[in-house]
Amino acid sequence: MKKVTEAASVYVPTAEDFVPVSSERKTDTSAESVGGSRHDTVKKFFAQKSAVVGVVILALLVIMSIIGPYLSGYDYADQELDRSNLAPKVPVFSEMGFLNGSELLPKTTGDTSHNRYEELGISDVYYIFGTDSLGRDMFSRCFMGLRISLIIAVVSTLINLFIGMNYGIISGYFGGMADVIMQRIADVIGSIPTLVVVTLLMLVMEPGMGSIILALMLSGWIEMSQIARAQVLNVKEMEYIQAARTLGAGHSHIIFGEILPNIIGKMITQIMISIPAAVFLEAFLSFVGLGMPPGSCSLGTLLSDGFKSVLIHPYQLIPSAILMILIIVGSHLVANGLKKAAE
Amino acid sequence: MGKYLLKKILISIMTIFVILLIMFLLLQFMPGSPFNDDKLSPEQIEMMRQKYGLDQPVIIRFFRYVANMFKGDLGVSYSISANTPITTLIARRFPVTMEIGLVSLCIGTFAGVVLGLLSAFFRSRVMNVIYSVLTLIGIAVPSYLLAMFLSYCLGFRANLLPMLYDVRDPFTTSIMPVAALSFMVMAIIGQFTKAEAMDVMNSDYVLLARCQGLKNSTIMVKYILRNSLIPVITMVGNLLVGLLTGSLVIEQMFSIPGIGTLLTQAISSNDYNVVLGLCFLYSGMYITVRLVLDILYCFADPRVRLGGTKS
């Protein structure tokens, strides 16, 4: 206020000075100021070796989840009961003496080596990851499971992001009574353990992808909203927001044009943390018996099926376990890289 | 301070009621019935429903449930072990879960703090490798996979440790479950402690203390240790949730007779009352721990006390 009066003594403002600048020019300036720092962040991100490794791992996983189920020539759901429990057999390695379809079977008299391919007379057949107890190809199943798990994780995380970000921005931006009430509601919902929400919801609903996504959504958005709100509170009093407000920008322009571009980095980091957590929870549900219905497959069902036979056929567990670990490692490396790049 | 605590306590109590109401309503929409035995005729099922008061409207049952709860009565089990009070069922199994959970939490937190501090103080190449490998394994390998790996290698192949839990020998039989659970705790606490310790070590007040010629050990204990460990308190609440989820699967894996296995059984046999009681127990535990941690943090960090709110 004081500044305005000081300025007025020197310069007499005309009516045109109080006309809001056209939206075209405003978006222009904001894009310029934000664009520069964003370019820097991207550069810093890719300068880190571990972050690049993480991106490569995640990219490979996504590609394999798309094409993987069709590579082996066997469908993920086709059962061939006389070809059950075949150990992994890989074309080149089998000549060299390992991964050739033999497995050590624990017997009371000691471990004995078996090669079911030879016993069945199908020496020319190759199952890279072996088959499960119903004779289904583990290779197709693993990547199909990866696809389902990734879809569940990504969709639920994006919905969480949408709900949580809107909730957090509204709560943080408008403040006052709205903030207090919204935060109390979030407090109450946030104090219910995820385990309890997910378990109860899965009991009530039909098992399937939709209900798993809904269950993950109900508890996941709170964290997103907290981060969004904290970021908004940080950014809200910055000069450029005040400048936009002084120029007469409306709430929607300030929120979507000024605040959003500046908090999106933190939100992306949070996405990379949430995705493995969702994969993790899905696997947990399968273990407790509330996961995907029998017949379909996800990493969770593969892991819990693999666990049942791990003592006799450990190869049925290993590939899905490795995929699970790769998802977590990949997202972890990317999240760390993003955090460091933003600093 | 008093106002802050009062607010926290009020919110906690309110939350417990909201949870109870939501759970109760949700369970009404649950498909299936606890009495799905083909041998029961419709009349007999109706009699059972009357006996347990399931024919009353939802709202009456809710208030009756809450009223009974104040008397320490969570109802009886319908199908797992018929007519046994749920408090008895829980009382029998709760100590086992608690023991394993708390031991894992303590071991994991201690190991994590030690790991984090060591890697912050001694920044040698070897230490860095040890730190990175341990934290990466702890974060990337879910506790149930670690448990499977341990039980296959140590239990099945090497035959060193028993693979199933035995009430008569709780020490040796719980080594593997505790190891699997505490690894994750160690990794998360380790990372957090290292970041905090580095922050404190690079801060101006530690530099000032150094300039004043304070002994290294004094700086270590009075400045670095104290200031980097306080924030760790906040982590424990979040870790507890992870432990609860993890222990549910681990208990099943090692057939530990704790509340995790009880919950899984109750889910598969539609035993509403048991599910309700256990979910309530889980939520109650979680909320209480969060409240206690908030209060502890309030005492440990004067900024929270003076600021009134923490956000």
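Read-outs: derived from the displayed coordinates by stated rules, not from any lab. Small disclaimer: the values here were computed from a predicted structure and weren't measured. Don't worry about glycine lacking a Cβ; one is built from the backbone with ideal geometry, like all the others, and counts go over all protein chains shown.
Details
- Candidate membrane-span-like segments in chain B, meaning DSSP H helices with Cα atoms spread over at least 27 Å of their own axis and a Kyte-Doolittle mean of -0.5 or above, are B:2-28, B:86-121, B:175-201, B:232-253, B:272-300, with no membrane implied.
- Relative exposure of A:119, B:251, B:196, judged by other C-beta atoms within 10 Å (fewest first): A:119, B:196, B:251
- The long axis of helix A:176-190 is offset from the longest Cα principal axis of chain A by roughly 10 degrees.
- Around the Cα centre of the protein assembly as shown, unit charges on the Cβ atoms of Lys, Arg, Asp and Glu (plus for the first two, minus for the last two) sum to a dipole of about 2280 debye.
- The label-point distance for residue B:46 and residue A:234, in a model that sets each label 7 Å from Cα toward Cβ, rounds to 6.5 nm.
- Put a plus charge on the Cβ of each Lys and Arg, a minus charge on the Cβ of each Asp and Glu, and nothing anywhere else: the dipole of segment A:185-343 about its Cα centre is then about 180 debye.
- Between 0 and 90°, nearest 10: helix A:194-204 axis offset from chain A longest Cα axis: 70 degrees
- Taken residue by residue and averaged, Cβ atoms of other chains lying within 10 Å of the Cβ of A:184-191 number 5.
- Considering helices alone, the calculated mean residue ellipticity of chain A at 222 nm is -23000 deg cm²/dmol, with DSSP H runs of length four and up weighted by -39500 (n - 2.57) and normalised per residue.
- Once the Cβ-Cβ distance of residue A:67 and residue A:246 is raised to the sixth power relative to R0 = 56 Å, the FRET efficiency obtained is 0.55.
- Shown here for segment A:234-268: GluC sites (Glu not before Pro) in loop regions (DSSP other than H, G, I, E, B) with at most 16 other Cβ atoms within 10 Å, namely A:237.
- Between residue B:70 and residue B:98, the C-beta separation translates, for a Förster distance of 25 Å, into a calculated FRET efficiency of about 0.60.
- Since only B:102, A:276, A:50 are under comparison, the one whose Cα sits farthest along the positive direction of the charge dipole of the protein assembly as shown, derived from C-beta charges on Lys, Arg, Asp and Glu, is B:102.
- Residue B:128 paired with residue A:80, simple spin-label distance in nm, labels 7 Å along Cα-to-beta-carbon: 5.1 nm
- Euclidean distance of C-alpha centroids, segment B:139-197 and segment A:269-343, integer Å: 18 Å
- Dipole orientation for chain B: of the candidates B:277, B:21, B:230, B:230 has the Cα lying most toward the positive pole (charges on Cβ; Lys, Arg +1; Asp, Glu -1).
- Length released on extending from residue B:234 to residue B:87, taking residue separation times 0.36 nm less the Cα-Cα span: 49.9 nm
- Computed [θ] at 222 nm, deg cm²/dmol, chain B (DSSP H ≥ 4; -39,500 (n - 2.57); rounded to nearest 500): -23500 deg cm²/dmol
- Environment charge of residue A:225, counting only residues whose C-beta is closer than 12 Å and scoring Lys/Arg +1, Asp/Glu -1: -2
- Shape of chain B, Cα gyration tensor, a/c cut at 1.5: oblate
- Once the C-beta distance of residue A:296 and residue A:42 is scaled by a Förster radius of 30 Å, the resulting FRET efficiency is 0.20 to the nearest 0.05.
- Put in line by how crowded their Cβ is, counting other Cβ atoms within 10 Å and starting with the fewest, A:269, B:245 read A:269, B:245.
- Using alpha-carbon coordinates, inclination of helix A:138-174 to the longest axis of chain A, degrees: 20 degrees
- Distance between modelled label sites at residue B:195 and residue B:226, nm, 7 Å Cα→Cβ extension: 2.4 nm
- Exposure proxy order (Cβ contacts within 10 Å, fewest to most) of A:11, B:131: A:11, B:131
- Cβ-based charge dipole, the protein assembly as shown, positive-most Cα from B:217, A:214, A:342: B:217
- Debye, to nearest 20: dipole size of segment B:175-268, +1 on Lys, Arg Cβ, -1 on Asp, Glu Cβ: 360 debye
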